[in-house]
Amino acid sequence: MSQPRIGIEQWRALMAVVDAGGYAQAAQALHKSQSAVTYAVQKIEALLGVKAFEVQGRKAQLTPTGAFLYRRARALLEEAESLERAAARLSAGWEAEIRLAVEVIFPTDVLLSTLAQFGQESPHTRIELIESVLGGTAETLLKGEADIAVAPQVPPGFLGEPLVQMRMQLVAVPGHPLHDLQRELTQTDLRTHRHIVVRDSGSQRQRTPLSLEARQRWTVSHMATSITAVREGYGFAWLPEDKIRAELASGVLKALPLQGGEQRIAGLHLIYADRDAAGPGTLRLVELLRQNVQRECGTRQADPEPVRA
């Protein structure tokens with residue numbers, strides 16, 4: 001295998017010139033002299049026989065070739081940083097911190113009991129829990145903000161496995177006008193009443209799969225707010241059965257008799273940010289999640305065959 005002629009620091013210099021907006025700014029960001037940054041970029045151009053920048057007016061602009069080199073250099077540096085993080089985790093033992101992104105419909109009691117059990121085994125590992133909705137959960141992986149995630153979909157390029165299937169119930173308080181109809185409800189019936197929806201927490205917000213074009217709709221940011229609004233009689237909603245068991249058992253909330261069924265199934269996947277770089281703490285937390293889901297959620301446990309999007 002031939003040795004690469006251009007080192008990581010030279011690629012870092014080229015990226016810094018682009019990201020910082022010039023050679024002087026790049027030198028300041030890298031804590032190097034401007035001549036050192038200029039030489040690094042010129043060395044790349046000389047070794048490859050290409051021109052990465054061209055002067056337009058008083059500014060250096062990327063050439064098409066330079067833009068290509070910049071994109072590949074970014075991928076190279078990200079991979080190198082990922083390798084260093086993985087090596088550091090393996091050498092240090094259990095991780096100091098694990099970042100876990102979880103879709104809000106996941107059972108809270110299962111999640112908290114899992115974290116408590118993990119905390120007994122590794123009391124010095126901090127847990128950062130990110131509670132998110134729909135696209136927001138996958139986005140934490142894409143942005144590098146989570147080590148593992150429990151999400152409805154596996155984003156492209158990530159490895160995940162089915163974890164659990166959640167039952168969603170269409171509910172309202174017993175005195176809601178929809179219950180007063182005393183018959184199976186149609187989508188037309190629902191559209192004439194207020195629908196309570198939890199907002200997608202991703203930056204590219206999309207409508208939830210269970211939302212409809214109701215004449216009135218309240219979109220809230222938290223599942224707890226949605227449950228409270230429905231419980232207080234302000235509207236109807238699709239809510240995860242695990243979150244409203246007490247309300248259903250006591251009669252505070254009642255399933256609406258929708259044509260085609262008042263239940264829907266929402267599948268959740270367990271997804272690694274980087275399976276190869278996962279440390280022992282991350283792997284143990286994943287194992288506990290699987291075990292507790294299987295024990296607590298019973299028949300909702302899915303076939304854990306890995307899938308790649």
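A few comments on the model shown:
- Per residue, in Å², the accessible surface of region 1-115 once ligands and nucleic acids are set aside, probe 1.4 Å: 61 Å²
- Protection proxy ranking of 228-239, 45-56, by the mean of other Cβ atoms within 10 Å over each peptide's residues and highest first, is 228-239, 45-56.
- D189 versus A36: modelled label distance in nm, points set 7 Å from Cα along the beta carbon direction: 7.4 nm
- Coupling constants for region 242-248 follow from the phi torsions by the Karplus curve (6.51 cos²θ - 1.76 cosθ + 1.60, θ = phi - 60°), and in residue order they are 5, 7, 10, 4, 5, 5, 5 Hz; glycine and proline get x.
- Fraction of the pair-distance distribution of the chain above 29 Å, Cα-Cα pairs, percent: 53 percent
- Modelled spin labels at S82 and A29, positioned 7 Å past Cα toward Cβ, are 2.2 nm from each other.
- For M168, the amide hydrogen comes within under 5 Å of the amide hydrogens of E241, R264, I265, A266, counting only partners 5 or more places away or on other chains and with H modelled in the peptide plane.
- Area accessible to solvent at R74, 1.4 Å probe radius, in Å²: 90 Å²
- Antiparallel bridge percentage (DSSP; both residues within the chain; nearest 5): 60 percent
- Gaussian network model of the chain, springs between alpha carbon atoms under 10 Å - residue of I127, I44, I196 with greatest fluctuation: I44
- Spacing of the modelled spin labels on T228 and Q165, each 7 Å from Cα toward Cβ, amounts to 3.4 nm.
- Fraction of beta bridges assigned by DSSP in region 102-259 that are antiparallel (%, nearest 5): 40 percent
- Apportionment of accessible area to carbon and sulfur, the chain, percent (1.4 Å): 50 percent
- Comparing mean-square fluctuations of T38, T137, T219 from a GNM of the chain with C-alpha springs under 10 Å, the top value falls on T38.
- Cα centroid separation - region 59-81 against region 94-132, whole Å: 37 Å
- Within straight-line reach of K254, meaning a Cα separation under 22 Å, sit the following lysines at least 8 residues removed in sequence or on another chain: K243.
- Rg/Rh for region 127-183, where both radii come from Cα atoms and Rh is the Kirkwood radius: 1.22
The values are calculated or read from the model by the stated rules, or taken from the named source; none is laboratory data. Because the structure is a prediction, the values reported are computed rather than measured. All Cβ positions, even for glycine, are placed from backbone atoms using ideal geometry, and neighbour counts span all protein chains on display. For the accessible areas, the whole protein counts, side chains as well, though only heavy atoms, and no ligand, DNA or RNA atoms are used. Shrake-Rupley method; radii C 1.70, N 1.55, O 1.52, S 1.80 Å.
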